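The values are calculated or read from the model by the stated rules, or taken from the named source; none is laboratory data. In this text, all values refer to a predicted model and were calculated from it rather than measured experimentally. Virtual Cβ from ideal backbone geometry, glycine too; neighbours counted across all protein chains shown. Just so you know, the surface numbers come from the protein's heavy atoms only, side chains and all, with ligands and any DNA or RNA stripped out. Shrake-Rupley method; radii C 1.70, N 1.55, O 1.52, S 1.80 Å.
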Amino acid sequence: MNQPPESTRAWETVLTHIEAQLTRGELNPGDRLPGERALAAELGVGRSSVREAIRVLEALGLIRTQSGSGPSSGAIIVSLPSGGMATLMRLQVAAQGFAVKDVVNTRLILETAAVRELATRPERNLANSHELLAAMDNPHLGETEFLLLDAQYHLSLAEATGNTVLVTLMSGLRDSIERYVIEISEHITDWTATSRQLQEQHREILHAIEIGHASLADSRTSEHIRGYYDKIRPHTSPTHTNTLPIHEHPLPEGKP
């Protein structure tokens, strides 16, 4: 299997760096994080990776961000990682050995719960999800670039719920998700058709959420995740991953 480029997980480098500073007491509640440009230069990563790490830190409740240029702008430490970030990092390490089937089943549980909750909310902010879909419409994207944006799209739905536990779990599984979806792409002969189908499914999920149809959002999400996974099963071996069937039907109504 071809691993995604190291730079695609550069945001983890930023998280590890900040966690170490918090643990050593070099950063404390009330302190400000260096700016995006400074962090990117110090760690040798792109500013987009810094922004992604900051989004995770904010979702975990460790920082608060404020736009602008005044004294309250930027990212401020508001809590120490008593559990949130440590849990996320442990999940990321453990995820290296997860069977693909187990990752897929966990995605089904977590992501159907997320879309069902979003569909029942009268007010929801899905702007980030729409922006990611627009980015994936770029015909010049390579397969890996598309799939990394795809993973961020799914994470954006979890983020839209405001549930920090759900975001932590999805973020912790992200590396495993990226690795298996990229591996599957190696066995797809018509990527153009597949990416078009994935985009159609992404939009169907968002539409179901926006019209408040929880069960439809659930079933569309289940079909989307399961359908892509099914593309790899003929190519996997028992030593590569557990190939026992995953759930064959959408989760029951009212039970995410």
A correct Karplus calculation of ³J(HN,Hα) over segment 169-181, with 6.51 cos²θ - 1.76 cosθ + 1.60, θ = phi - 60°, whole Hz and x for Gly and Pro, returns 5, 5, 5, x, 8, 4, 4, 5, 5, 4, 5, 6, 5
In whole percent, how big is the carbon plus sulfur part of the accessible area of segment 107-162, probe 1.4 Å, protein atoms only? 53
Label-point gap, in nm, between ALA134 and ILE109 - each point 7 angstrom along Cα→Cβ: 3.6
5 Å is the cut-off here: which amide hydrogens, built 1.01 Å from N in the peptide plane, fall below it relative to ILE63, excluding neighbours closer than 5 in sequence? GLU58, VAL78
Quick check on packing: order 183-190, 165-172, 196-203 by the mean number of other C-beta atoms within 10 Å, highest mean leading. 165-172, 196-203, 183-190
